[in-house]
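Step one of this worksheet: look at the structure below.
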Amino acid sequence: MGLIEEIVAMRGGSGHSGRLLGEFRRTALLVPLSEGEGSGLMSGWQGGVRWIYAFTDEAALARFAQQRGAAHREWEYLAILGARLVDEVIPTIDGPTGVAVDVADEDGSMLFPPVVGIVPDAVAVDTGDAA
């Protein structure tokens, strides 16, 4: 199964967290870039956590753009493996940071929070050692 199928299985109650995380880590995700000065990876804040927006394919990114009323513009994005995103990028960001996958898809989205087992322990919020 691919990441989308693992998300569906998890949301449906028949998934396995280890398989889901494995697929997330192996999947090339599309991460839109912010516009303007100081641009970087597009993210939002919820519950004291920065969530990097990531998408499983261009169609999912297009639905996100449509939902934001910005489908008319060209969206630049970075293609990056989920493993590299959580292991190498997230540790360089100040504060708790997780990944929100396919956030425009009500029944197909999934959050990968900044906790042990998903992000490196040094930046996980559930160790007491988070930066």
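Some notes on this structure:
- Hull volume per residue, based on the alpha-carbon atoms of the chain and their convex hull, is 109 Å³.
- The slack between Val116 and His16, meaning 0.36 nm per residue of separation minus the straight C-alpha distance, is 34.3 nm.
- Fewest-first ranking of His16, His72, using other Cβ atoms within 10 Å as the exposure measure: His72, His16
- FRET efficiency for the Ser109 to Arg84 pair, using the beta carbon distance and R₀ = 22 Å, is estimated at 0.55.
- Anisotropy class of segment 17-62 from Cα gyration tensor, a/c 1.5 cut: oblate
- When peptides 99-105, 77-83 are ranked by their average number of other Cβ atoms within 10 Å per residue, the highest-first order is 99-105, 77-83.
- Placing a label point 7 Å from the Cα of Leu33 along the Cα-to-Cβ direction, no residue of segment 51-73 has its backbone N under 12 Å from that point.
The numbers here are math on the coordinates, done by the rules we state, and not lab data. The model shown is predicted, which means the values in this text are computed figures rather than measured ones. Glycine also receives a Cβ, built like all others from the backbone with ideal geometry; neighbour counts cover every protein chain displayed.
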